[in-house]
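Every number in this text was worked out from the coordinates using simple rules, so none of it is lab data. Model, not experiment: these values are computed from the prediction. Cβ: placed from backbone, ideal geometry, glycine included. Neighbour counts: every protein chain shown.
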Amino acid sequence: MDRADEPMDSPTPWVRKHIRTYVDSGGTKGTTFYGVQSLLLTTRGRRSGQQRRTALYYGQDGDRYLVVASNGGAQSHPSWYLNLTAHPDVTVQVGPEVFAAVASTAEPADKPRLWQIMTGLYPTYDDYQRKARREIPLVILTPA
């Protein structure tokens, strides 16, 4: 296997630990974090080409998965979001199921309804949006 095809886990220690629990258990552990359901998202680095994996809270809209590029309300988008805007073909793991998906940013007309789904699961996203001086993207992951 090419080194670029082996995912590099988040450099953030607590996220990396969460990912290891998720992966090492085959998706039977780590599927929730502080009571909120989580998935693993693998993107391709926009500059390096390296596969990069992170854990994110998710919601659902039919068969599509929703994630929020909040970066904790920081002023910049998270790297994983920048990566998927350059390379929208991603890999998602939800529990034991691993599948290819296509990522897209929610359109302005759709975002309010989808945002409500996500803030219903994790109300802190509203706090992050108030804190950020940017529009926080909501990402739709559509199974390929």
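Observations on the structure shown:
- Taken as Cα centroids, the stretch 1-69 and the stretch 83-144 sit 13 Å apart, rounded to the nearest whole angstrom.
- Gain in span if fully extended, Leu82 to Thr32, counting 0.36 nm per residue against the direct Cα distance: 15.5 nm
- Prolate is the label for the stretch 1-59, because the ratio a/c of its alpha-carbon gyration tensor axes (a ≥ b ≥ c) is 1.5 or higher and a/b is greater than b/c.
- Average Cα contact separation per residue, the stretch 3-143, under 8 Å, 6 or more apart, as relative contact order %: 26
- Cleavage-rule hits (trypsin sites (Lys or Arg not before Pro)) in the stretch 4-38: DSSP loop, at most 16 neighbouring Cβ within 10 angstrom: Lys29
- Karplus (6.51, -1.76, 1.60) ³J(HN,Hα), θ = phi - 60°, over the stretch 127-140, in Hz, Gly and Pro reported as x: 5, 4, 5, 5, 6, 6, 9, 9, 7, 6, x, 10, 9, 9
- Once the Cβ-Cβ distance of Asp89 and Asp61 is raised to the sixth power relative to R0 = 25 Å, the FRET efficiency obtained is 0.80.
- In order through the stretch 6-13: 3J(HN,Hα) via Karplus (6.51 cos²θ - 1.76 cosθ + 1.60), integer Hz, x for Gly, Pro: 8, x, 9, 7, 3, x, 6, x
- The stretch 4-20 residues near the modelled Gln50 label - backbone nitrogen below 14 Å, point 7 Å along Cα→Cβ: 4-12
- Rounded to whole Hz, the Karplus (6.51, -1.76, 1.60) HN-Hα couplings of the stretch 108-125, x for glycine and proline: x, 5, 8, 4, x, 5, 5, 4, 4, 4, 6, 6, x, 8, 9, x, 4, 4
- Extending 7 Å from Cα along the Cβ direction at Val102 and again at Arg134 yields two label points whose distance is 2.5 nm.
- Cα gyration tensor, the stretch 3-143 - rounded (a/c under 1.5), prolate or oblate: rounded
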